[in-house]
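We did not get these values from a lab; they are worked out from the coordinates using the rules stated. No experiment lies behind these values; they were computed from the predicted model shown. Neighbour counts run over all protein chains shown; Cβ positions are idealised from the backbone, glycine included.
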Amino acid sequence: MRKVLLLACMLLLGAMSVYAQSRTVTGRVISEDEPEGIPGVNILVKGTGVGTATDLDGRYSISVNSADDVLVFSFVGYDPQEIRVGNQSSINVTLVPDTENLSEIIVVGYGEQDRRTLTSSISSIKGKDVENLPITSPDQLLQGRAPGVVVNTESGEPGGGMNIRIRGTTSITGNSDPLYVIDGVPIIASNIAATTFGQPVNPLADLNPADIESMEILKDASATAIYGARAANGVVLITTKRGKAGKPVVNISMYGGISEPWRSPNDLRVDGPTFERLQNEASRNNWVDRYGSLDAPNSAGQSYQAPFANPDQAIDTNWFDEIFQTGSIRNLDASVAGGDERIKYFVSGNNFFQEGLVRPAQFERSSARMNLDFMVTPRLKIGTSATYSVNTRDRALNGNAIEGALSTAFFYPSNYPILNDDGTYFRPFWENPVAVANETDYLMKTTRIIGSVYADWEITDGLVFRSTWSIDNNLVEEDRYFNTFLAAGAALNGSAQSFVTRSNNWINENVLTYQKNFGENNINLLVGNTLQENQFLRTQAFGQGFPSNSFKRIESAAVKNSSSTGTSWGIASYFTRINYGYKGKYLFTANMRADASSRFGADNRWGYFPSVAGAWRMIDEGFMESIRSTVSDMKIRASYGITGNQGGIGDFQALGLWGGMRGGLNLGGVGQPGGPASYVDAPGIAPNQLANPDLRWETTAQFNVGFDVGLWNDRLTLTFDYYDKQTKDLLLNVPVPKSLGFSVLTQNFGEMENRGFELGINAAIIEKEDFTWTSSFNISRNNNLVKRLAFPFTTFTRDYVRVEEGYPLNSFWVHVQEGVDPQTGDIIWDTMGDEEFNPNVHRQIFGSAIPRYVGGWTNMINYKNWDFMAFFQFSEGNNTLNYGRFFFEHGGERTTGYSAQQLDRWQQPGDVTDVPRMASRNYSADLRPSRHVEDGSFLRLKNTSIGYTLPSPITSRIGVGRARFYAAAQNLLTWTNYTGLDPEVSTSPSNLVSGVDIAVMPQPRTYTLGVNLTF
C-alpha cells in the first residue's frame, strides 16, 4: 500500500509539473502617465527565446515553464521591469517613462516607429509646438520648421495658395507638390477651382490646424517609397488628435486681431505732382534725343511744349489708400476628448474668419471633426476619422490680372481722379482700381468631407490585419457677377458666370503586419494593397443681359450658355516593407511598391518602386562606453530608392482621343477639347491628341546618407543629411512633324537632378525648475539642375523665364545690365563680346528663384507662469523678378504710373545709379533689364508670442483646469533688400514660374490676443 501511495504521489507531482510547464500568463501593460494600454511592448521569458508583444490595447498572453520564470517587460522610452511569475496567472504592469532616455515615437507610412531605430530621413512637427498661430491651413505650419522643406506663401490672400517643395522640384510640367496623408487617407491637394483670379486657392485651408497632433515629413526614398507612384515629391503625414482613456477634457481656444501690410504700399507710390514733373522730364529728354535740342522744332515746325504746365497744382489720388483695408481676424476652437478602456473619442468644432488687405477679399471656415476608436473585443478594434468643413471666399480680382485692384492701383497715375463729374468711375483705359475693389462680386463656396472607417483584427500574437475605407469628396461652387459699374458688365448689360466642380475620391487599403522578437532579433513585416479612384466633374454656365444689377442669377439673363465636362483616374497598388533589427543597433529596412495607373498605356501601366536603408547605432557599441557621458546618442544612416510621379500628364494622355464638339462647346468628349468639329449646325468629332502607348512614369532615384548625434543626455541633438535625387523620363511635350496633324506629342524626354544637404539642431539651453529655454535651428541647401531637354523653351509673359539644359529651373532670361553710364545716363549692356548691343541676340540667363539656403530658428522660453516664443524664417540667395518695374519704370508713358524706384534715376553727369536717364530708348518694350531681377533674400520674424498661465489655486477656484492668456504677432519684422511689397509672394505660381512679383497681395502683419481654457 505504501508503494502504491508513493507511486500516486509521484504521478500527481509529475502532472503538476506538466501543468506548470504549460501555464499561460495574461495581463495588460499601461503607462504611468497615461492609463491606456501600450501596444508593442516586448515581453520575454528571461534567459529563453520565448517572447511576445502586447496588442493594440496593451494586452498580452505568454506561456511559462516554471514558477521561477521571470518576465522582462521592455518598451522604448520606458524603464524595463522584471517580474517573477510565482503562482500568478495574471500580471498587470505599469511602465515608468525613462526620463534619461525617453525616445520619440513618430508616424511613418502605415505605422509608427521609434526614432532611435529609424533608418529613414523624417522630420516631425508637433501640433502643441505651433498651436494658436493665426494661420488658415496646416501646410503653413511647415514653414521654416523642417530642414529640406521650402514653403512659400504665394499670396497674402486669405486661404490663398502655398508653394511647397521637399528637397527641390522633381518635375518640369507635372505636379511637384508632396502627397498629403491625413490619418491614413491620401487626400486630393490640388486646386480644383475654375477661376484663379491670378492666384490659386489652397485646398488644405479646408482643414483646421488646431486638430493636428503631429506632422511628419517623409523625405528620403526609404521613407517615401512605401507610397510609390506619388512619392517623388515627398510625403506629409498629418495625424489628428484622438481621445484617451480618462475623464472628458474640454478645450476652448479663441483669438482675435487685426492685420496690416508689413510694408506700406505708399513707400512705392509717386504722388500726382511728382508724376507730372517726371513726365515733363521724360518729354524734354525724348525731344532732345529726337530733334537735337529743346530749341529745335519738330518735323511739323512746332516748338517744344511741356505736357504738364503746372505740376505743383496736380491732384493727388492715393489709389492704395482707396483699395487697402485694415483686416480683421478671429478664430474659435472647441474640443472634447476622453473615453475608457473600450471607447475613446475626440470631437472638435472650429470657426475661422479673416479679411484680406485688399478689398473685398475675405475667407471664412466652419468645420467639425470626430475621431472615434472602439475596442469591440480584446482582439478587434474599429474606428472612424471624419471631418466636415464649409468655406466661403469673397475673392478680390488680383494677382497678375491686368485689371486687378492692386495692379491697376499701380498702373493708374496719381493725377487721375476716382470719379467723373457725373459720379461714374473715371476709366480712361482699363478698369478703375476703386471700381474693382467696390464692385467685384465673386463668391466661392467649398464643401468638403474627408472620412475613413477602419478595423484592426489581431489574428494572433503579433499578427494584425487592418482594413480601411476612405473618402475625400470636394464640392466647389463659384458665382461671379459683373455689374454695369464695371467695364466688363457695362458692355454686356451685366454678365455672370457659374461653376460647379466636384472631385470624388475613394480609397480602400488592406494591410497585414507581423511583429516578432527572436532573442536579440526584432522583425516587423508589412504587406498590403490599395485601390483608389478619383472622379472629376464640372458644369459651367454663362449669362449676359440682365434687367438690373439686382438680378444676378443666370436664370434672369437674356442670353444663356452652358457646358459640362468630366474625367477620372485610378490606381491599383501592392506594397511590402520589412524592418529588421539586431541587438537594437544594427538596423535594416526594405520597401517595395507596385502601382498601376490608368493614365498610362497597357504596356507601361505598372511601375515598381523599391528602396533599401540601413542604420548603425554606434552609441550602443562597447567602444563608445568611455564617451557616453558626453555623447548620448550616435547613429549613421544610408538609403537608396526609387519613387514615381504620375502628375506630369492628364488623364488618358497615352491614348489617341477624339472629342465631340458642337458650336464650339464640349459635349462631353474625354480628353482635352479641340476646336469645333461641326459643319454649320451638324455635330461632329475631331482628333484631340496623338496616341503614345510607350508613355511611362516619371521616376526619381534618391540616395541619402545622414547621421544623428545627441550630446549631454540629448540636451543638444544634431541631424545631418546629404541627398542626391536624379529624375528621369520627365513627361514633356516634344515636337513632332506637323504632317501628323499636331505640333507636339507628350513623351518621356528629360532629366533633372536635385542635390543638397540638411542640418537640424535642437538644444535645451537652460533646464531649471522655474526657467527653461529651448532652441531649434535648421538650414538646408538644394541645387537644382536641368540635365536633359528636347529643346530649351521660355515661358511667362515676354519670355522672362527660360528652361535650358545646364541651368536650374525658375531661371530668368534677361538682358544683363552692367550699369548706367555716369556721363550720359544710358544703360551699359553686356554685349557678350560683340561690339554692338542687339536685344534680339544678347539675352542670357541671369539668376534663379531657387534659394541657396533656407531655414528657421525657434526659441521658446518659460519662466514660472510666463512663456515666450520667437520664430525666425529665412531665405538666402534667391532672386525675385520685380516684374512691376518693367511697367512702372518708363520713359514717359502718359497712362502708366511710376514706381518709387524711378526717383533714383540718372539726372545729370556724375550720377551713379542703376536706373537710367528717363528717355524712351532706355525703356524700350523689347528690353528686359536685369536690374528688375532683384535679390529676394529675407529674414523674417514670422511668429512671436508671449503668454501667461494663471496659477492653479486661481483656476481651481473658478472651476477651470488651465487658463492661458497670450498676445501674438505674425510677420512682425522683415529684413530684405527687395524693393517690392513682399519678397516671398509670386505671380501664377507653378513649377516653371516662381519668384515673379507683379501686384500680388502681400502677406499681412497680424496682431492677435487670445485665450486657451481647459476644463
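Which residues does the label zone of E477 cover in segment 487-512, counting backbone N under 18 Å from a point 7 Å along Cα→Cβ? Counting backbone N atoms under 18 Å from the label point, the list is 496-504. Debye sum, Cα scatterers, segment 45-156, no solvent: what log₁₀ I/I(0) at q = 0.09, 0.16, 0.19 1/Å? Debye intensities relative to I(0), on a log10 scale: -0.43, -0.91, -1.11. Measuring between alpha carbons in the structure, the pairs from K126/K241; K128/K864; K219/K942 lying more than 21 angstrom apart are K219/K942. Distances between placed amide hydrogens fall under 5 Å for G847 paired with F812, all partners being 5 or more residues away or on another chain. Averaging the Cα positions of each part gives two centres, and for segment 801-880 and segment 291-339 these lie 26 Å apart. Bridging of K585 to aspartates and glutamates at a Cα separation below 15 Å is possible for D114, E520, D620, E621, E625, D633, D708, once same-chain residues fewer than 8 apart are set aside.
Considering Cα pairs under 8 angstrom that are at least six residues apart, work out the relative contact order of segment 519-577 and quote it in whole percent. Don't jump to the answer; show the numbers that get you there.
Numbers: 84 pairs, mean separation 28.9, N = 59.
49 percent.
Restricting the calculation to Cα atoms, the chain yields a radius of gyration followed by a Dmax of 33.0, 151 Å.
Segment 467-544 and segment 938-1014 have Cα centres separated by 29 Å. Here the relative contact order of the chain, from alpha carbon pairs under 8 Å that lie six or more residues apart, stands at 11 percent. When each of the peptides 878-889, 128-139, 284-295, 104-115 is scored by how many other beta carbons lie within 10 Å of its residues on average, the order from highest to lowest is 878-889, 128-139, 104-115, 284-295. Residues whose amide H lies under 5 Å from that of V915, counting only those 5 or more places away or on a different chain, are W906; hydrogens are built 1.01 Å from N in the peptide plane. Each pair of Cα atoms in segment 684-834 enters the Kirkwood radius, and Stokes-Einstein at 25 °C and 0.890 mPa s then converts it into a translational diffusion coefficient of 117 µm²/s. Translational diffusion of segment 130-286, estimated by Stokes-Einstein from the Kirkwood radius over alpha carbon pairs at 10 °C in a medium of 1.306 mPa s, is 83 µm² per second.
May I ask for the net charge around R269, where only other residues with Cβ less than 11 Å from the Cβ of R269 are counted and Lys, Arg are +1 while Asp, Glu are -1? Once all neighbours under 11 Å are counted, the net charge is -4. Whole-Hz Karplus values for segment 235-242 come out as 9, 10, 9, 10, 10, 8, 5, 10 Hz, taken residue by residue from phi with 6.51 cos²θ - 1.76 cosθ + 1.60 and θ = phi - 60°; glycine and proline positions read x.
Measuring r between the beta carbons of K46 and I523 and using R0 = 25 Å, the FRET efficiency lands at 0.75. The H on the amide N of S988, modeled in the peptide plane, is under 5 Å from the matching H of N400, each at least 5 residues off or on a different chain.
Each Lys or Arg adds one and each Asp or Glu takes one away; over the other residues whose Cβ falls under 9 Å from the Cβ of S367, this sums to +1. The Cα atoms of segment 229-332 give a gyration tensor whose axes a ≥ b ≥ c have a/c of 1.5 or more with a/b no greater than b/c, which makes the shape oblate. Relative to the first principal axis of the alpha-carbon coordinates of the chain, what is the inclination of helix 272-291, with its axis defined by its Cα atoms, in degrees from 0 to 90 and to the nearest 10? Orientation of helix 272-291: about 60 degrees from the principal axis. In the distance distribution for segment 942-1015, Cα-Cα pairs more than 18 Å apart total 60 percent. Fewest neighbouring Cβ atoms within 10 Å first, the residues M618, M832 line up as M832, M618. Taken along the Cα-to-beta-carbon direction at a fixed 7 Å, the label points for N510 and R962 span 4.3 nm.
Rounded to the nearest 10 degrees, the angle from helix 2-21 to the longest Cα principal axis of the chain is 0 degrees. Sorting T700, T196, T717 by the number of Cβ atoms found within 10 Å of their own Cβ, with the fewest placed first, yields T196, T717, T700. The lysines within cross-link reach of K552, meaning a Cα-to-Cα straight distance under 24 Å and a gap of 8 or more places when in the same chain, are K445, K560. Available extension along the chain between Q88 and H842 is 262.6 nm, counting 0.36 nm per residue and deducting the alpha carbon span.
What the phi angles of segment 683-691 give under the Karplus curve with 6.51, -1.76 and 1.60, with θ = phi - 60°, is a coupling list of x, x, 10, 8, x, 9, 7, 7, 7 Hz, glycine and proline written as x. Annotation for segment 40-90 versus segment 725-800: alpha-carbon center distance of 49 Å.
Each residue in V347, V801 was given a count of other beta-carbon atoms within 10 angstrom of its own, and listing them fewest first yields V347, V801. For the Cα trace of segment 250-393, dividing Rg by the Kirkwood Rh returns an Rg/Rh value of 1.46.
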